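FYI, it's all coordinate maths here, none of it is from the lab. Note that the structure is a prediction, hence the values are computed from the model and not measured. Positions of Cβ are generated from backbone atoms using ideal geometry, with glycine treated the same way; all protein chains shown enter the neighbour counts.
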Amino acid sequence: MLYGRIALLVLASFLLLPLEAAGQNRSDRYLIRVYDDGGTCRYQIQNHANQDLFNIRPAGTLTVASKGNLWVDVTVQDDPRGTPGTRSQRSIAVREQNGKGMVTARSAIGRSTEHKVQIQCCLVRGSRNECPKWTDALPPDTSMGWMPSVPEGMPSSGPSATEPLDPPQPPGGPVMRVDEN
């Protein structure tokens, strides 16, 4: 009888493993760091291997942090059906020294949706403290086969290898999948 219960527990744990693994590919919180990489606006999703796509749970938070005195504008776009990706605030304007901004993913609606997170930087400001030209952010430069070092003053964190890499997205930021599966 005892051996039967142990065998049943072992079998149940093997059946639940795929469900647990699927849940690990989405999170309640993400942090995107935006920085000036020698005249190129870059973003990096912390603790995440795929820099083009991230899965977030409904009501999860997305925090965007800038390095130094870099101005950053972030807009979470609606999906093709017009569904907003966030609860209320859809954009963030970070203007403070080493500033941060946060948005909350939309509530559950019974289906998953995808939303472009448009990230732009002001690399050079005009004489009247305005931005004459906004630049689309790019993911970290991985052309050398390595993740770049995190800019000075930002905590480093290694990428997670839990998600396969998709083909690169156009410049401007990653896609946020509000995942209800």
By the mean-Cβ-within-10 Å protection proxy, highest first, 122-135, 39-52, 85-98 rank as 39-52, 85-98, 122-135
Under 13 Å by backbone N from the virtual spin label 7 Å along Cα-to-Cβ at Arg111, the residues of segment 43-83 are 79-83
Length gained if Asp37 through Thr142 is fully extended, taking 0.36 nm per residue and subtracting the Cα-Cα distance, is 36.5 nm
Of 99-108, 71-80, ordering from highest average Cβ density within 10 Å down gives 71-80, 99-108
Here, Thr63 and Ala93, labelled 7 Å along Cα→Cβ, have an inter-label distance in nm of 2.3 nm
